[in-house]
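**Q** Starting off with a structure, shown below.
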Amino acid sequence: MSFEFKILGSSSSGNASFLRCGNTRVLIDAGFSAKKLKALLESIGESLDALDAVFITHEHADHVAGLQGLSTYPHLKIFANLQTAQCLQERLKRKLSWQIFETGSSFIFQDLIVENFPIPHDAYDPVAYIFRCQKAVAEGLLSSPKPTSLAWITDLGYVTELVRQKVNTVDLLVLEANYEPELLEKDTVRPFSVKQRIRSRHGHLSNQDAYQLLSETVDPRWKEVFLAHLSAHCNDPQRVAGLFAPLSQKHEYRLSIVAPSAQAMNLVAV
Ligand SMILES: [Zn+2]
Ligand SMILES: [Zn+2]
């Protein structure tokens, strides 16, 4: 069964990814306006009309900015846990087609097996997701040469034991590398309280946090690791590339750095 994954954009200014497994097409987060999401999907030959669902990680604007506009697409199922859904619905004019799941649960949605688990971040009930192609799991294709599973792990203040357990169960890993401590310290845009929040145990992972997690993972099964949710002001893709270079030389997986989108840089970082 075909499995296709594209990051439409990921930074502190906006996050959204497209995943297709068989005939199932979903977005992971919707952190750009519906108009922009429509254009981004069209740029990869997809469309909002053909989309089946959106999976929301948490209620921060850089993950849900498009929900208001997406409410005009009533066929779209919006997956979230209860606290996240309640908080978001209060802000919206139209009722969304919520599909509520319990944090920590696994369930089947069309061609996908979806798992979610809690992560430490300053939101109501933030989660990370794992998506597996149902057919591949059923047929035992876990060592297939093509990817059939994905983990989306961004917006977390530190690496929990649960994250350590889950991280190496997938072919494609999206992991946050949000900030470089020195650049965050020097930043003149953010007040001290925001810097403290970003560095806190309910903030974001630094480049070094992400590096440690990847380097301590024994016998990684990943085919590709995407370093994502980079801060436009407090990180630098070149520095990330330099820091992680020893890993990509040592292992067989491909390492991709998702540069913050220039068009989205002026939005509020959360
Ligand atoms: Zn967040
Ligand atoms: Zn975020």
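**Q** Given the criterion assigned to a helix (DSSP H, G or I) and either surrounded by fewer than 20 Cβ atoms within 10 Å (Cβ to Cβ) or touching a strand residue (DSSP E or B) at 6+ places or on another chain (Cβ under 8 Å) (or both), identify the matching residue among LEU247, LEU175.
**A** Just one listed residue meets the conditions, LEU247.
**Q** Please work out which residue is nearest to ligand 2 (Cβ to nearest atom), limiting yourself to the range 99-140 and to residues that are touching a Gly at 6+ places or on another chain (Cβ under 8 Å) and of a type in the set (D, E, K, R).
**A** My answer is ASP122.
**Q** Can you name every residue in the range 90-104 that is in a helix (DSSP H, G or I) and within 16 Å of ligand 1 (Cβ to nearest atom)?
**A** Selection gives ARG91 alone.
**Q** Let me ask you something else. Are any residues in the range 7-19 buried (at least 20 other Cβ atoms within 10 Å of the Cβ) and in a strand (DSSP E or B), and if so, which ones?
**A** LEU8, GLY9, SER10, SER11, GLY14, ASN15, ALA16, SER17, LEU19 - these are the residues of the range 7-19 that are buried (at least 20 other Cβ atoms within 10 Å of the Cβ) and in a strand (DSSP E or B).
**Q** Then there is this: Which fully enclosed helices (runs of 4 or more DSSP H) of the range 25-89 have 3 or more residues being within 16 Å of ligand 2 (Cβ to nearest atom) and buried (at least 20 other Cβ atoms within 10 Å of the Cβ)?
**A** Counting at least 3 such residues, we get 61-64.
**Q** Limited to the range 201-225, what total is found for residues that are in contact with an Asp or Glu (Cβ under 8 Å, 6 or more places away or on another chain) and touching a residue at least 40 places away in the same chain (Cβ under 8 Å)?
**A** Of the residues in the range 201-225, 8 are in contact with an Asp or Glu (Cβ under 8 Å, 6 or more places away or on another chain) and touching a residue at least 40 places away in the same chain (Cβ under 8 Å).
**Q** Can you tell me which residue is nearest to SER206 (Cα to Cα) among those in the range 124-147 that are modelled with pLDDT of 95 or more and hydroxyl-bearing (Ser, Thr, Tyr)?
**A** Ranking the qualifying residues of the range 124-147, first place goes to TYR129.
**Q** How do the pairs read when you match residues in the range 226-244 that are in contact (Cβ under 8 Å) with a residue 12 or more places away in the chain with residues anywhere that are within 16 Å of ligand 1 (Cβ to nearest atom) and assigned to a helix (DSSP H, G or I), using Cβ under 6 Å and keeping only pairs 6 or more apart or on different chains?
**A** Correct list of pairs: CYS234/LEU184.
**Q** Does VAL170 fit the bill of being at pLDDT 95 or above, on the phi < 0 side of the Ramachandran plot and of a type in the set (A, V, I, L, M, F, W, C)?
**A** On the way: at pLDDT 95 or above: yes; on the phi < 0 side of the Ramachandran plot: yes; of a type in the set (A, V, I, L, M, F, W, C): yes.
Yes; evaluated as a whole, the condition is true for this residue.
**Q** Provide a single number: the residues in the range 232-241 that are under 24 Å from PRO191 (Cβ atoms) and surrounded by fewer than 24 Cβ atoms within 10 Å (Cβ to Cβ).
**A** Count: 4.
**Q** Considering each of VAL194, VAL189 in turn, give the residue that is β-branched (Val, Ile, Thr) and within 16 Å of ligand 1 (Cβ to nearest atom). I'd like the intermediate steps shown before the answer.
**A** On the way: VAL189 fails: within 16 Å of ligand 1 (Cβ to nearest atom).
When all the criteria are applied, what remains is VAL194.
The values are calculated or read from the model by the stated rules, or taken from the named source; none is laboratory data. Everything quoted here is computed from the prediction, not taken from an experiment. Note that each Cβ is placed from the backbone with ideal geometry, even for glycine, and that neighbours are counted across all protein chains shown.
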